[in-house]
Amino acid sequence: GENVEQHPSTLSVQEGDSAVIKCTYSDSASNYFPWYKQELGKGPQLIIDIRSNVGEKKDQRIAVTLNKTAKHFSLHITETQPEDSAVYFCAASHPFGNEKLTFGTGTRLTIIP
Amino acid sequence: EAQVTQNPRYLITVTGKKLTVTCSQNMNHEYMSWYRQDPGLGLRQIYYSMNVEVTDKGDVPEGYKVSRKEKRNFPLILESPSPNQTSLYFCASSFAVNTDTQYFGPGTRLTVL
């Protein structure tokens, strides 16, 4: 089955700097890669996703890049703000069978004011 | 308001005492799923349901049961809870998995003594 590895597990950046979180996946059939943000005491919430026919996607200060050949994808947050502090999860799924999302182990991002 | 609700939010129980965690969604989603979240392990799928009366095991189904008698409800049943089931549980729903956002409930923190 699919295996998703996520790094780093914790990340601290100064407010205004950029943050990058990286994930690798094992199943070359995977074609959908969402990123979820989990704030303290809440359930995960989708912030951005990318499909395998696209190399990059941006939404304001957030971007995701995908390298299908290397089987890795990354989340980029620019001009970080205190409200970006949260746990971020990457995930992957493929269009067969259960189609379930396989999640990475999460990155706790702390923005230092 | 479109949402996934879970009850209870917090539960402390003892080994062997049957319990049910309820999950309900108001978005007419076909797909529903239960996850458990443990430190360092990310989100792992317990059970999922593609539609009413259709359920199947996820990655960590041992010790859990589910049912899907109505489209909106997907309860998680622990018939004989054990301490290793102490965890944070999330219910999620979506129209599909591979092509659609999963909406997560607020979580249920379960402690089994």
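Name the residues in the stretch A:37-65 that are at pLDDT 95 or above, in a loop (DSSP other than H, G, I, E, B) and among the small types (G, A, S), would you?
A:G43, the sole residue that qualifies.
Given the conditions (1) over 10 Å from the mean Cα position of the chain (by Cα); (2) surrounded by 14 or more Cβ atoms within 10 Å (Cβ to Cβ), report the number of the one that A:I21 does not fulfil.
(1) is the only condition that A:I21 fails.
Of all residues in the stretch A:66-98, which are part of a loop (DSSP other than H, G, I, E, B), away from every other protein chain (no Cβ under 11 Å) and not small (G, A, S)?
A:K68, A:T69, A:K71, A:T78, A:E79, A:T80, A:Q81
So, in the stretch A:99-113, how many residues would count as being buried (at least 21 other Cβ atoms within 10 Å of the Cβ), closer than 24 Å to B:D59 by Cβ and either more than 14 Å from every other protein chain (Cβ to nearest Cβ) or of a type outside the set (F, W, Y) (or both)?
6
Mind listing just one residue for me: the one in the stretch B:56-92 that is part of a strand (DSSP E or B) and buried (at least 19 other Cβ atoms within 10 Å of the Cβ) and, of those, nearest to the other protein chains (Cβ to nearest Cβ)?
Only one residue fits best here, namely B:F90.
For the stretch A:4-36, what are the residues that are away from every other protein chain (no Cβ under 11 Å), assigned to a loop (DSSP other than H, G, I, E, B) and either without any contact (Cβ under 8 Å) to a residue 60 or more places away in the chain or at negative phi (or both)?
Passing the criteria: A:P8, A:E15, A:D17, A:S18, A:S26, A:D27, A:S28.
Which residues, counting only those in the stretch A:46-99, are basic (K, R) and closer than 18 Å to A:T24 by Cβ?
A:R51, A:K68, A:K71
The values are calculated or read from the model by the stated rules, or taken from the named source; none is laboratory data. All values derive from a computational prediction rather than experimental measurement. Note: ideal-geometry Cβ built from the backbone for every residue, glycine included; neighbour counts use all protein chains shown.
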